[in-house]
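Asks: Sharing a structure, written as structure tokens. Questions coming.
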Amino acid sequence: MTAAVFFGCAFIAFGPAFSLFIFTIAKDPLRVIILIAGAFFWLVSLLLSSLVWFIAMKATNAQDLNLQKGLLIFGCMFSVILQEVFRFGYYRLLRKANEGLAAISEEESSPISVREMAYVAGLGFGIMSGAFSMINTLSDSLGPGTVGMFGDSQYYFITSALMTLALTLLHTFWGVVFFDGCERKRWWVIVAVLCLHLVVSGLSLLNPLYVGSVPPVYVIMLLMAVWAFFSSGGSLHNLSLLWTCRKSNAETSS
Amino acid sequence: SVTTRDLKKITLDVNSNSVAQKIYVEVNNTVPCVRLLNATHQIGCQSSISGDTGVIHVLESEADLEWPLTKGPNPPYMILLESHLFTRSIMMKIKKESSRIAGVTVVVPNTSPSEFSPHTTCPNENTGVYSDTYGPHLAHCNTTVWNPLGNGLSYEEFDFPVFSLKEDKQCYYDHNRVVNGSAPQYPLCAMQLFSHMFAVTDTATCMRRNDVINFSINPEMVCDPLGDFNVWGSIRPYNRSQLGHRDNESVVMAAARLDSRAFFWDVSTGAEGSISGFVTLLAAAHALRDVTQVAPPTHNILFAFFQGEAFDYIGSSRMVYDMQNGKFVIDLDNVHSLLEIGQVGLRNGSDLFLHSDPVSRMNDTVNDQVREHERYRCSLIHRHHRLVDNFQSSPLPPSSLQRFLRAQNIPGIVLADHRAAFNNKYYESYYDNADNLNLRYPPNMTAEEQLEFLTDTAMALTEVATVVARALYKQAGGDGTQVDNIKADSKTVTQMLFGFLVQANNSWFQALIPPELKDMLSDPPDFYVGVASSSPAKAKPLTRLVQFLLANLTGTATNLTQDQCQKPDDLPDESVQMYSYLWVQGTVPHNGTEKGPFCVRASVRLSQALSPAFDLGEYASRNYSTWTESRWKFIKARIFLVASRDLEMLTLGVGVAVLFSSLLVTYFISTKADVLFSSAREPASAAY
């Protein structure tokens, strides 16, 4: 649609991920490595699931649109399941790596805690997922035309960007919650994450009824944010601490 | 452009992912107007390098121009014109306000308007024979305006793209209609046209830039000279290794032009403008084949078909130059006289006019020759023919003869169906097609039946061809008693007219061409001269088709095998120096006995038709044609919707807001992280 829409959508979709990266990840090389490895794991899961879908699509009749739509839904769900499997696999890998890191570090413990790894791994998944969702749409938004010729909504670009933003943050929160659940052996957490992921994916299939997909996904994202905050060691007490800290700072300074 | 010529009809679908498919509709079969340059000017159309986008506006009438030019609130506009609105006044108005206009598209018409000629009123006025030193009162069409209906659009320069497309107004009616003078709502339907031309200013500039490519990192030619190949053949063959003057040789030349042009690139037909002439000459050559074997005339007869005549006589000026410099099999002193066949398809009744040059006829010898020639013709009058001598004081119409006269005073006559102004109302335009010649076939005929059907147009041209053939024979000193046996074959004429004007890919044309060229015949046939190529094998399909036609109609079939046909010098009686040997497909007759391919021996050759200005390096020459065609990367058009500026700015605003707020929040959280996320080792229930 032109450069304005390109930059607007790029900022919406990747703004939070970018700011998270520069403020929390970029300074620590270990975190960068875990981020990129996480992105790679997500990528492999996507590759495998898309291979399955591709084979299924080619093996069946390409003209039967209902069948193809069904196959797409199946592929989508299969991909979600595979992503969570890979998330679990990455968790196991990181646990093993953690022991190794603890062994070679000068202090007793590992330089990075499981919580931090959970957050970084989740962010890695989210960034890669966002990139794959959005880059190709962004490149088309640079041209002079906008979506709508064939009856699609003209808000296509902006809603794609909003969905990508939500999904990136959701992956981050799911990473935190998932690893925490694995640590404490709470298997129902893993199942819950998987189910929520399936729900979000399923909601995106409602497009172009954007009213039906974007607000519910944001509601889920907010809920997940709260859950991740609590499971990563935050509490209402800390929030009130923060508030009083600020208040006292404000009092002392004024 | 040579490199992108093949891509012309292929839609460039580089971006085939699904998002792009939701946005853009590529338009197939686009016909652009391209940039041509000569010694002093550039003409044609140009788009910006990343295409020109404009909101589509369908023009209802000339008064409706007010909306896109001044009143409309969503410039720039892309104007969609019906063909009857494609006039000089509208295009000039658009040209003046071109800041608000992204481009113009003209809808491909189904019927012809009453008259339309985008050429100038005085074709080739600066490169003909009349100038300030030769017949100044006749120069620049002072006495006779040949093409009074010409509006000169082809020679104007437009800095926006002009395309010719099939009608598709659905998008406009859905989104862009102006209701009660109020502006339509976004999103609006828009079109983007790409036709960026590399060459600028004039031929000298672009040729200089071509020469610089040896030193640049990214060598790209910017323009190519126009040109092709002339086809010539003779009754008695000439040894092609003997060039220059031949002693005691006096040749009667007969000439016609092959090419034509239109405002848009590569869509010209020239039914009356050139086809009527060269088909007549081919039929006359065919008629002379038998009688010249039986009773050969004293002089040789040379048939010449010139390419590139629409662009300041490229072909004929090249042949004259070659003759002057001893690079052709004969030279100008060998030319006895020249008979040229101009536009002969639209005769009023049965009148044929003989045009000659009054200035050259002031020389008595020339005058006598011309009068002789006319006498021959008048003596050939059928009962229903009238040959009118037009020599009083009217100049020659634009014709190849003018280039011969520039070099040497040669007796010559141009045969035409018009006394003064052309009868052709569509000179050098897209509408000069079969309808212009009244070529009609009865309904419900298959292509093969139409091929054989004798149309009235064909009969008329056959009569002219008979007259031409007889006159040539008499002029060449042939036996007077044989003259009445010379008759042009109307079946050949009607087959040629069908092939050139209706469907080139027919069984007769297929039989005449070699097997490796059988895909060369594409429809619709196109007669624009195009850019010059260096080897005869790459000559334009039209030129090669005329070459094979002339070979078939004047040559002889031989019994040589394919190998012998390619290397005839091994045989004692054959000589590649004298004849050309062509292996052609031949026909498969209906009764099943396969005739198959055979070898044709004919004294038909191709000679290069590239303006001497390019060989001499005189790119700003006033004497020779200096026309070049610009190169381009790709030419395409696409339609899509555009969103309002407000929505775009909203998106950008939301994006910037999201980015800044996320930066702030993240910074804040990361500095307070130790407070917010207390360590996991501390019991969560500790009270503070």
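Asks: Residues of segment B:269-296 being in a loop (DSSP other than H, G, I, E, B), under 13 Å from B:F527 (Cα atoms) and not small (G, A, S), which ones?
Replies: Answer for segment B:269-296, where residues must be in a loop (DSSP other than H, G, I, E, B), under 13 Å from B:F527 (Cα atoms) and not small (G, A, S): just B:T269.
Asks: Still on this structure: Under 6 Å between Cβ atoms, at least 6 apart or on separate chains: pull out the pairs that start in segment A:229-246 with a residue that is part of a loop (DSSP other than H, G, I, E, B) and end on any residue that is at pLDDT 80 or above.
Replies: These pairs meet every condition: A:S232/A:R115; A:S232/A:V176.
Asks: Could you identify the single residue in B:R622, B:R631, B:R645 that is of a type in the set (D, E, K, R), within 14 Å of chain A (Cβ to nearest Cβ) and either in contact (Cβ under 8 Å) with a residue 12 or more places away in the chain or closer than 30 Å to B:T105 by Cβ (or both)?
Replies: Within the list B:R622, B:R631, B:R645, the selection yields B:R645.
Asks: A follow-up question, please. Go through (1) within 14 Å of chain B (Cβ to nearest Cβ); (2) over 22 Å from A:P216 (Cβ atoms); (3) not charged (D, E, K, R) one by one and return the number of the condition A:A102 breaks.
Replies: Just one mismatch for A:A102, condition (1).
Asks: What residue, of B:L302, B:L282, is of a type in the set (A, V, I, L, M, F, W, C) and more than 24 Å from the chain's Cα centre (by Cα)?
Replies: After ruling out the rest, the residue left standing is B:L302.
Asks: Kindly list the number of the only condition in (1) surrounded by fewer than 19 Cβ atoms within 10 Å (Cβ to Cβ); (2) touching an Asp or Glu at 6+ places or on another chain (Cβ under 7 Å); (3) not charged (D, E, K, R) that fails for B:P136.
Replies: Every listed condition holds for B:P136 apart from (2).
Asks: With the checklist (1) in contact with a Pro (Cβ under 6 Å, 6 or more places away or on another chain); (2) at positive phi in hand, flag the one item B:M578 doesn't pass.
Replies: All conditions are met except number (2).
Asks: Give me a count of the residues in segment B:464-490 that are buried (at least 16 other Cβ atoms within 10 Å of the Cβ), out of contact with any strand residue (DSSP E or B) (no Cβ under 9 Å at 6 or more places or on another chain), not in a loop (DSSP other than H, G, I, E, B) and not small (G, A, S).
Replies: Count: 5.
Condition check ((1) of a type in the set (D, E); (2) more than 22 Å from B:T143 (Cα to Cα); (3) in a loop (DSSP other than H, G, I, E, B)) across all residues:
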site: B:T298; (1), (2), (3): no, yes, yes
site: B:F303; (1), (2), (3): no, yes, no
site: B:E309; (1), (2), (3): yes, yes, yes
site: B:G315; (1), (2), (3): no, yes, no
site: B:K327; (1), (2), (3): no, yes, yes
site: B:H336; (1), (2), (3): no, yes, no
site: B:F353; (1), (2), (3): no, no, no
site: B:D357; (1), (2), (3): yes, no, yes
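Asks: State whether the residues of segment B:104-112 include one that is in a helix (DSSP H, G or I) and over 20 Å from B:D435 (Cβ atoms).
Replies: no
To keep it simple, each residue is scored yes or no on (1) touching a helix residue (DSSP H, G or I) at 6+ places or on another chain (Cβ under 6 Å); (2) modelled with pLDDT of 90 or more.
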{"site": "B:G72", "(1), (2)": "no, no"}
{"site": "B:Y77", "(1), (2)": "yes, yes"}
{"site": "B:L81", "(1), (2)": "no, yes"}
{"site": "B:S89", "(1), (2)": "no, yes"}
{"site": "B:K95", "(1), (2)": "no, yes"}
{"site": "B:G103", "(1), (2)": "no, yes"}
{"site": "B:P123", "(1), (2)": "no, yes"}
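Asks: Sticking with this structure for a sec: Check A:A37 against each of (1) of a type outside the set (K, R); (2) more than 27 Å from A:A121 (Cα to Cα); (3) assigned to a helix (DSSP H, G or I) and name the one condition it does not meet.
Replies: (2)
Asks: Checking the conditions here, which among A:A17, A:A4 is within 14 Å of chain B (Cβ to nearest Cβ), touching a Leu at 6+ places or on another chain (Cβ under 9 Å) and in contact (Cβ under 8 Å) with a residue 24 or more places away in the chain?
Replies: The unique qualifying residue is A:A17.
Asks: A further question on this structure: In segment A:20-39, which residues are within 14 Å of chain B (Cβ to nearest Cβ) and surrounded by 16 or more Cβ atoms within 10 Å (Cβ to Cβ)?
Replies: A:L20, A:F21, A:F23, A:T24, A:I25, A:R31
Asks: Only one residue in A:G181, A:G122, A:G175, A:G212 is farther than 24 Å from A:I25 by Cβ, part of a helix (DSSP H, G or I) and away from chain B (no Cβ under 13 Å). Which one?
Replies: Checking each option against the conditions leaves just A:G212.
Asks: Output the number of the condition that B:N230 fails; it satisfies all remaining conditions of (1) more than 28 Å from B:V329 (Cβ to Cβ); (2) in contact with a strand residue (DSSP E or B) (Cβ under 7 Å, 6 or more places away or on another chain); (3) among the polar types (S, T, N, Q).
Replies: (1)
Asks: I'm trying to understand the selection: among the residues of segment B:512-547, which are among the hydrophobic types (A, V, I, L, M, F, W, C) and either farther than 21 Å from B:A304 by Cβ or without any contact (Cβ under 8 Å) to a residue 40 or more places away in the chain (or both)?
Replies: Listed by number, the residues that qualify are B:I513, B:L517, B:M520, B:L521, B:V531, B:A537.
Asks: Can you work out which of the residues in segment B:327-363 that are among the hydroxyl-bearing types (S, T, Y) and in contact with a His (Cβ under 8 Å, 6 or more places away or on another chain) is surrounded by the most Cβ atoms within 10 Å (Cβ to Cβ)?
Replies: B:S337
Asks: How many residues does segment B:142-197 contain that are under 19 Å from the mean Cα position of the chain (by Cα) and farther than 30 Å from B:P397 by Cα?
Replies: Total meeting the criteria: 6.
Asks: Exactly one of these conditions fails for A:M149: (1) surrounded by 19 or more Cβ atoms within 10 Å (Cβ to Cβ); (2) within 14 Å of chain B (Cβ to nearest Cβ); (3) modelled with pLDDT under 90; (4) out of contact with any Cys (no Cβ under 8 Å at 6 or more places or on another chain). Give me its number.
Replies: For A:M149, the exception is condition (4).
Asks: Now a separate question. Given the conditions (1) of a type in the set (V, I, T); (2) at pLDDT 90 or above; (3) more than 23 Å from A:E183 (Cβ to Cβ), and given that A:I81 satisfies all but one, which numbered condition is not satisfied?
Replies: Result: A:I81 fails condition (3) only.
Asks: Among (1) part of a loop (DSSP other than H, G, I, E, B); (2) closer than 22 Å to B:G596 by Cα; (3) small (G, A, S), there is one condition B:A511 misses while meeting the rest; what is its number?
Replies: Tallying (1) part of a loop (DSSP other than H, G, I, E, B); (2) closer than 22 Å to B:G596 by Cα; (3) small (G, A, S), B:A511 fails exactly one: (1).
Asks: List every residue pair whose Cβ atoms lie under 6 Å apart, where the two residues are 6 or more positions apart in sequence or sit on different chains, the first residue falls within segment B:22-33 and is within 13 Å of chain A (Cβ to nearest Cβ), and the second residue, located anywhere, is surrounded by fewer than 18 Cβ atoms within 10 Å (Cβ to Cβ) and of a type in the set (D, E, K, R).
Replies: Listed by first residue and then by second, the contacts come to B:K22/A:D152.
Asks: Which one of these is without any contact (Cβ under 8 Å) to a residue 40 or more places away in the chain and part of a helix (DSSP H, G or I): A:N61, A:N66?
Replies: Just a single option satisfies the conditions, and that option is A:N66.
Asks: Suppose we keep only residues that are small (G, A, S) and not in a loop (DSSP other than H, G, I, E, B) within segment B:514-551. Which one would you say is farthest from the chain's Cα centre (by Cα)?
Replies: B:A551
Asks: Spot the failing condition for B:S48; the list is (1) within 14 Å of chain A (Cβ to nearest Cβ); (2) part of a strand (DSSP E or B), and only one is missed.
Replies: That leaves (2) as the condition not met.
Asks: Would you check which residues across segment A:178-187 are surrounded by fewer than 24 Cβ atoms within 10 Å (Cβ to Cβ) and either more than 14 Å from A:R95 (Cα to Cα) or not acidic (D, E) (or both) and list them?
Replies: A:G181, A:C182, A:R184, A:K185, A:R186, A:W187 - these are the residues of segment A:178-187 that are surrounded by fewer than 24 Cβ atoms within 10 Å (Cβ to Cβ) and either more than 14 Å from A:R95 (Cα to Cα) or not acidic (D, E) (or both).
Asks: Scan segment B:553-569 and tell me whether some residue there is assigned to a helix (DSSP H, G or I) and at pLDDT 90 or above.
Replies: Looking through segment B:553-569, at least one residue is assigned to a helix (DSSP H, G or I) and at pLDDT 90 or above.
Asks: May I pose another question? Condition test on A:V191, is it under 30 Å from A:G89 (Cβ atoms) and free of Cβ contacts under 8 Å to residues at least 24 places away in the same chain?
Replies: Judged against the criteria, A:V191 is a match.
The values are calculated or read from the model by the stated rules, or taken from the named source; none is laboratory data. As the structure is a prediction and not an experimental result, all values here were calculated from the model. With ideal geometry, Cβ positions are generated from the backbone for all residues, glycine too; neighbour counts draw on all protein chains shown.
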